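Student: For reference, the structure I am asking about is given below.
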Amino acid sequence: MGDWAGYLTLILQGAWVTVELTLMGSALALVVAFIAGLGRISRHAWIRWLATGYIEFFRGTSIFVQLFWIYFVLPMTGAELTPMQAGVMALGLNVGAYGAEVVRGAILAVPRDQHEACVAVNLTRFQRMRHVIMPQALPLMLPTFGNNAIELLKATSVVSLISLSDMTFQAQVVRSQTGSTLMPFVTILLLYFAMSSAISFGMRRLERRVTRGLDGVR
Amino acid sequence: MEWDWDFAWSIMPTLLAGFRITLVATFLGAIVAAVLGLVFAILRRSANRAVARTTGFLVEFIRGTPLLVQLYFIFYVLPDLGLRLPALAAGVIGMGLHYATYAAEVYRGGIEAVPRGQWEAAKATNLTTRQTWLHVVLPQAVPPMIPAMANYLLAMFKETPLLSAITVLELMNQAKSVANSSYRYVEPMTLVGVMFLVVSLISVVVLRWLERRYGRISR
């Protein structure tokens, strides 16, 4: 066990990859969620269909299948991707599809009379979204977004299967080199738990921030 | 690379054999999850604070860590501690345990959604604890749980490809072995995707029906 410090460094390097994947995946997921979520309630039927197709496809198959498809099948059509790019893409598109439903649900949950009031005071569609609907819809989205971010963090472990050296991958490396199983896996379980706790803590803080001043409204 | 229908048809039997294992794993995992979830939900409501707290932490821990790592833990660590499990059993226990924590929340939500007045009325009419649960609480708590449970069943079904990482020969693993031996990835991977998509789309229709029939749990 003298080399344990060296192996721990290996796992921590993996932890950094996991953090990177989570951050980049979440950023992509957030963008995609808003585009698809707004697309789902668009005025144009073809945009609605496109968004629905995307959402149903990515919610209907698992992240695992999508990742393998992106990593193994897409290159054959000419789009060469590094494991990191494939990982971020699969994570972002998958969780983005779940997020899109959250965005849509939250916007539809804003009472109808708010929309009507905006029309009455002659706001443009953009102003209506930006100043009236979104400030009320955002607090509704945040708790579920927090859960989605944790799901994304958990899903990052799957990228170890396309040989991206994240935390789970490094734990497997340590296992095969030392034959020790308990140490690497307990270590990464604790690290994953610490990360997901950090996400839920951060989300609660954020939630308190955006709901400030909305007491009278809801 | 071109899509080859002959090749696609020739690998179908292998994929369907894997699909059968996928269904078996989902079914067994669901039973484990339903039973363990109830245990978690009851322990969390326990009057003993220590038991309730410990269960709460355990549930949070399982929910906060990836299923894949939990599967590795069961598959690689437990044998070192003297408990050797076949891959499928390890997978079913891992998935069941993971989803039990989600099921526990559904049970909790369902039970808490039964109005206080119902409990008080049961007490007022002198029903025993058993009678209260069987005839008053559960008949009202269970129907709203059904759509939520079906949702997690579908989620679990979609997570079964993770079992391939611990050598269970389910759909994904069959597809990978076909792909590795023939160097053709397009057909097996796409067919796996299509199979999952078909089952999911059918399930979504069933889910919508369940939601209309039993209503959804309000959180």
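Student: Give me the helices (runs of 4 or more DSSP H) completely within segment B:104-219, filtered to those with at least 2 residues that are farther than 27 Å from A:TRP69 by Cα and out of contact with any Cys (no Cβ under 6 Å at 6 or more places or on another chain), ordered by residue number.
Tutor: B:116-124, B:138-159, B:186-214
Student: Shifting gears a bit: Could you run through segment A:146-175 and say how many residues are at pLDDT 90 or above, part of a helix (DSSP H, G or I) and open to solvent by less than 30 Å² (accessible area, probe 1.4 Å)?
Tutor: 18
Student: Of everything in segment B:1-17, what is open to solvent by less than 80 Å² (accessible area, probe 1.4 Å) and without any contact (Cβ under 8 Å) to a residue 12 or more places away in the chain? Give them in sequence order.
Tutor: Step one: filter segment B:1-17 for residues open to solvent by less than 80 Å² (accessible area, probe 1.4 Å), giving B:4, B:7-8, B:10-12, B:14-15, B:17.
Passing the criteria: only B:SER10.
Student: Name, by its number, the condition in (1) at negative phi; (2) touching a residue at least 24 places away in the same chain (Cβ under 8 Å) that does not hold for B:ASN180.
Tutor: Of the numbered conditions (1) at negative phi; (2) touching a residue at least 24 places away in the same chain (Cβ under 8 Å), the odd one out for B:ASN180 is (2).
Student: Now for a different question. Search segment B:18-43 for residues that are of a type in the set (Gly, Ala, Ser) and pair each with any residue that is outside any helix (DSSP H, G or I) when their beta-carbon atoms are under 8 Å apart and the residues are at least 6 apart or on different chains.
Tutor: Every condition considered, the pairs that remain are B:GLY18/B:LEU169; B:GLY18/B:GLU170; B:ALA25/B:VAL168; B:ALA25/B:GLU170.
Student: Could you list, in sequence order, all residues of segment A:55-93 that are closer than 18 Å to B:LEU67 by Cα and outside any helix (DSSP H, G or I)?
Tutor: A:THR61, A:SER62 - these are the residues of segment A:55-93 that are closer than 18 Å to B:LEU67 by Cα and outside any helix (DSSP H, G or I).
Student: Taking A:GLU207, is it in a helix (DSSP H, G or I), of a type outside the set (A, V, I, L, M, F, W, C) and more than 10 Å from chain B (Cβ to nearest Cβ)?
Tutor: Details: in a helix (DSSP H, G or I): yes; of a type outside the set (A, V, I, L, M, F, W, C): yes; more than 10 Å from chain B (Cβ to nearest Cβ): yes.
Yes: the conditions hold for A:GLU207.
Student: Out of all the residues in segment B:46-77, which are under 22 Å from the mean Cα position of the chain (by Cα), more than 9 Å from chain A (Cβ to nearest Cβ) and not polar (S, T, N, Q)?
Tutor: B:GLY56, B:PHE57, B:LEU58, B:VAL59, B:ILE62, B:LEU71, B:ILE74, B:PHE75 - these are the residues of segment B:46-77 that are under 22 Å from the mean Cα position of the chain (by Cα), more than 9 Å from chain A (Cβ to nearest Cβ) and not polar (S, T, N, Q).
Student: Taking the residues in segment A:64-101 that are open to solvent by 10 Å² or more (accessible area, probe 1.4 Å) and within 12 Å of the chain's Cα centre (by Cα) as candidates, determine which candidate is farthest from the other protein chains (Cβ to nearest Cβ).
Tutor: A:VAL88
Student: A further question follows. Looking only at segment A:158-193, how many residues end up being of a type in the set (Phe, Trp, Tyr) and without any contact (Cβ under 8 Å) to a residue 12 or more places away in the chain? Can you show your working first?
Tutor: At the first step, the residues of segment A:158-193 found to be of a type in the set (Phe, Trp, Tyr) are A:169, A:185, A:192-193.
Checking which are without any contact (Cβ under 8 Å) to a residue 12 or more places away in the chain leaves us with A:193.
Residues that pass the stated criteria total 1.
Student: If you don't mind, there's one more thing I want to ask. Test B:GLU105 against the stated conditions and say whether it is of a type in the set (Asp, Glu), at pLDDT 90 or above and surrounded by fewer than 22 Cβ atoms within 10 Å (Cβ to Cβ). It would help to see each step written out before you state the result.
Tutor: Values: of a type in the set (Asp, Glu): yes; at pLDDT 90 or above: yes; surrounded by fewer than 22 Cβ atoms within 10 Å (Cβ to Cβ): yes.
Criteria met by B:GLU105.
The values are calculated or read from the model by the stated rules, or taken from the named source; none is laboratory data. Fair warning: this is a prediction, and the values are worked out from it, not measured in the lab. When we count neighbours, we look across all protein chains shown, and the Cβ atoms used for this are built from the backbone with ideal geometry, even at glycine. With ligands, DNA and RNA removed, areas are computed over all heavy atoms of the protein, side chains included. Shrake-Rupley method; radii C 1.70, N 1.55, O 1.52, S 1.80 Å.
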